[in-house]
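Notes for the one structure printed next.
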Amino acid sequence: MAEARTANRPVLRVLSGEAIAPPPAWMMRQAGRYLPEYRATRAEAGSFLDLCYNPAFATEVTLQPIRRFGFEASILFSDILVVPHALGQDVRFVEGEGPRLDALEGRAQFERLREAGDPAIFSHLAPVFEAVERIRGALPHETTLLGFCGAPWTVASYMIGGRGTPDLAPARALAVSDPALLDALLDRLVTVQTEYLVRQLRAGADAVQIFESHAGVLPDTADGDALARFSLRPIARMIEGIRAQVPGAKIIVFARGSGLEGHARVVPETGADAVGVDWGVDLAALRARVPAATVTQGNLHPETLIEGGRALDAAVDAILAATDGTPHIFNLGHGITPQTPIAHVERMLARLRAGR
């Protein structure tokens, strides 16, 4: 059954190491504000969290870009911060400003969080698993369904800072003032999010992506290897835990901001099936740096997609040239932005698919 599913879903074939020309495509944040149908559903839902926690609304916005563009993969509509919310931290989304959390500034706030084994965590997240089931049932058979979560360091940085900050100063300061507390928080997130992704896979996700959005902003370490200490090792523990329960689970890791060397380390040091490549990395240089069998994903600059025209055509061609004959999934190097013209997405896909 699993072999038949893989054979019929191009993204799963690439995640199994097959080079497909042209490569299958999807976009991070492909269900989003650049689509008028998303904006209409978002207005109907009310708050952003209501959109995430209502399985009917979450299913609808997940399916919208598939109907419009025919992407080869669909990614569950949700947010990485539903996990802190499920742990008992207050999470809210302020229009025009983004997420706000009650900052975890010390042990008192940490001790108020739910323990990893508390059944209330996954009762809270039950609508997410229902949405996964609904989406898989509604998708075309050949479309891969991706689940996801944030990496422990990225989620912890929001929980500690109460919001996203460019330098993650609160989380980096906690690593100095109370490293044991930071480790306890990372450990809890490893345990909870491992189970979270296992349940997404069991609900119908074909593969999952772990978003390490803050891999480029890490605390200092005595040995100089903050990437391993705070990012790659916790992710590796998650992947080991997932595969202990779902053998053969396909997993992508996106370690934004980790540079050429950091991207090259993702697959061998975490056990992931693929590395998501951000727009700041020279994809041709990365392909030359890693074994030919390494699966890559990315890395079109979102601003190039906004620009469109010949610059977009050239960028698509460059990605195809850099990944020719290797297993690759076409994507952006970060999420699509609200101001992106729909016509430019259509042009990107037409250019990509011209060889079919």
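The values are calculated or read from the model by the stated rules, or taken from the named source; none is laboratory data. Source: prediction; values computed, not measured. We place every Cβ from the backbone using ideal geometry, glycine too, and count neighbours over all the protein chains shown. Surface areas here come from the heavy atoms of the whole protein model, side chains and all, with no ligands, DNA or RNA. Shrake-Rupley method; radii C 1.70, N 1.55, O 1.52, S 1.80 Å.
A few remarks follow.
- Across the range 74-126, counting alpha-carbon atoms alone, Rg and Dmax equal 12.5, 40 Å.
- Size of electric dipole in the range 2-353: Cβ of Lys, Arg +1 and of Asp, Glu -1, about Cα centre, debye, nearest 20: 620
- For residue 209, distant residues with modelled amide H under 5 Å away: 147, 148, 149, 252
- If the Kirkwood radius is taken over C-alpha pairs of the range 142-226, then at 20 °C and 1.002 mPa s the Stokes-Einstein diffusion coefficient equals 153 µm²/s.
- When peptides 311-323, 19-31 are sorted by average Cβ neighbour count within 10 Å, with the highest value leading, the order is 19-31, 311-323.
- Pairwise Cα separations in the range 186-338 fall into 10 Å bins from 0 onward with the following percentages, short to long: 11, 38, 34, 15, 2.
- Start at zero, step by 10 Å, and the Cα-Cα distances of the range 2-353 spread as 5, 26, 36, 26, 7, 0 percent across the bins.
- Here the Karplus relation 6.51 cos²θ - 1.76 cosθ + 1.60, evaluated at θ = phi - 60°, turns the backbone of the range 276-284 into coupling constants of x, 10, 7, 6, x, 9, 6, 5, 5 Hz, with x for every Gly and Pro.
- Accessible area in square angstrom per residue, the range 2-353, 1.4 angstrom probe: 38
- Remark: relative contact order (the chain) = 20 percent; criterion is Cα-Cα distance under 8 angstrom and separation of 6 or more residues.
- In the chain, the portion of solvent-accessible area held by carbon and sulfur atoms comes to 51 percent [1.4 Å probe, whole percent, DNA, RNA and ligands not counted].
- Of the beta bridges in the chain, as assigned by DSSP with both residues counted there, near 15 percent are antiparallel.
- Euclidean distance of C-alpha centroids, the range 329-346 and the range 117-184, integer Å: 23
- Note on the range 2-353: dipole from Cβ charges, positive end direction compared against 80, 247, 175; the farthest Cα belongs to 247.
- Of the peptides 345-354, 330-339, 227-236, the ranking by mean beta-carbon count within 10 Å, highest at the top, reads 227-236, 330-339, 345-354.
- Cα pair distances of the range 300-356 binned at 10 Å [whole percent]: 23, 59, 17, 1
- Environment charge at residue 112 (Cβ cut-off 15 Å; Lys +1, Arg +1, Asp -1, Glu -1): -3
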